[in-house]
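This report refers to the structure that appears directly beneath it.
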Ligand SMILES: Cc1ncc(COP(=O)(O)O)c(C=O)c1O
């Protein structure tokens, strides 16, 4: 990337990832290309596109924009889990040690239990806590960070831990789904790999699944390209195009969602019937100091705890503008009682909320009304 472009903010780079379009009369926004085989005469190396499992112009355009934001190579996958699998499975060999967050996205632990442990890879699950992670580093080949963790919303200092992990010879991968690269840049903080589920705020409209891996190592990128080509977890061009389209509004959506998340967290904090509130953007939150050092935006996700499962479920039934659903980062405010999955070790009454794009006053009023109705 030319030096001039490196000074641009992520929102600008997302919209202007390369040179101006040269072609008179061409659309100013990228358009989807639907093709399995492309016309390919003679030497396959003579064309960038030959077959849709290897590459397709719709990925190229979106990956260029993601790469410009990350200042890295970005590679699309069919989902966040496909991206996580591409980082974990090919990198680890029998006898290796991997450090995973005990409080991060639970399917990453499930993937490790099903596919890493049986291959003789030692899995060390540790909380999102700097001392705990440091203690687990000796002998590790790969350290997986998720900060803020989901759903615990704990944070760790990526720069300090990347240094400590590199001193042990370990690769550092960071799941940056919750913050997105607009909210935080793990690669700038020293991580080797960033993994993002585009399904959440990046795509932002709750209508598709997608993921990507970013890395500044051309060799690692090439290995990931080969993994994707051989194992085939590829996104359809339509999903990739829709997600690319969403990138244009990501900055404004995130600014609004994060401001609403903070206002909602503050409103919840003021209530006696709410036992606990977690949001890294709250000044008094245990995650705030680290978050404020390394995050530009604190994310759309907060949690609060009611007295028990029944109260939490009644709240979800009552709250008019809050749709009960898993996932986060969409335009509609969603919430769920997280303990219903039985996987996160959270309180029975804990509700994870993803602040959407509704007017903040309307949303807070709806939440307050639903809490008041619980009595
Ligand atoms: C933090 C985090 N990482 C990864 C994933 C997996 O993403 P996907 O559902 O796109 O496979 C999720 C999904 O909930 C998530 O919350």
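Where a number appears in this text, it was derived from the coordinates with a stated rule and is not lab data. Model, not experiment: these values are computed from the prediction. Using ideal geometry, Cβ is built from the backbone for each residue, glycine included, and neighbour counts are taken over all protein chains shown.
General observations
- Only beta bridges with both residues in region 295-375 are counted; by DSSP, about 80 percent of them are antiparallel.
- Peptides 34-47, 87-100 ordered by average Cβ neighbours within 10 Å, highest first: 87-100, 34-47
- Under the simplified labelling scheme, the residue 324-residue 119 pair shows an inter-label distance of 3.9 nm, with each label point 7 Å from Cα along Cα→Cβ.
- The length gained by stretching the chain between residue 252 and residue 41 to full extension, at 0.36 nm per residue less their Cα-Cα distance, is 71.5 nm.
- The ranking of 364, 133, 351, 28 from fewest to most other beta carbons within 10 Å of each one's beta carbon is 28, 364, 133, 351.
- The relative contact order of the chain comes to 15 percent, based on Cα pairs under 8 Å that sit 6 or more residues apart.
- With 0.36 nm allotted per residue and the present C-alpha distance subtracted, the residue 28-residue 276 stretch has 84.5 nm of extension available.
- The simple spin-label model puts a point 7 Å past each Cα toward its Cβ; for residue 168 and residue 20 those points are separated by 5.1 nm.
- Cβ crowding within 10 Å ranks 54, 62 as 54, 62, fewest other Cβ atoms first.
- Isotropic mean projected area of the C-alpha convex hull, the chain (nm²): 20.0 nm²
- The tail of the calculated P(r) for region 194-315 beyond 26 Å holds 42 percent of all Cα-Cα pairs.
- Looking at the chain alone, DSSP beta bridges between its own residues are antiparallel in about 60 percent of cases.
- Exposure proxy shown here: for 227, 341, the number of other Cβ atoms within 10 Å sets the order, fewest to most, as 341, 227.
- The chain: angle of helix 237-269 to the longest principal axis, Cα-based, in degrees nearest 10: 20 degrees
- Rounded to 10°, Cα long-axis angle of helix 309-318 versus longest principal axis of the chain: 80 degrees
- Expected 222 nm ellipticity per residue - DSSP helices of 4 or more, -39500 (n - 2.57), all of the chain, to 500: -11000 deg cm²/dmol
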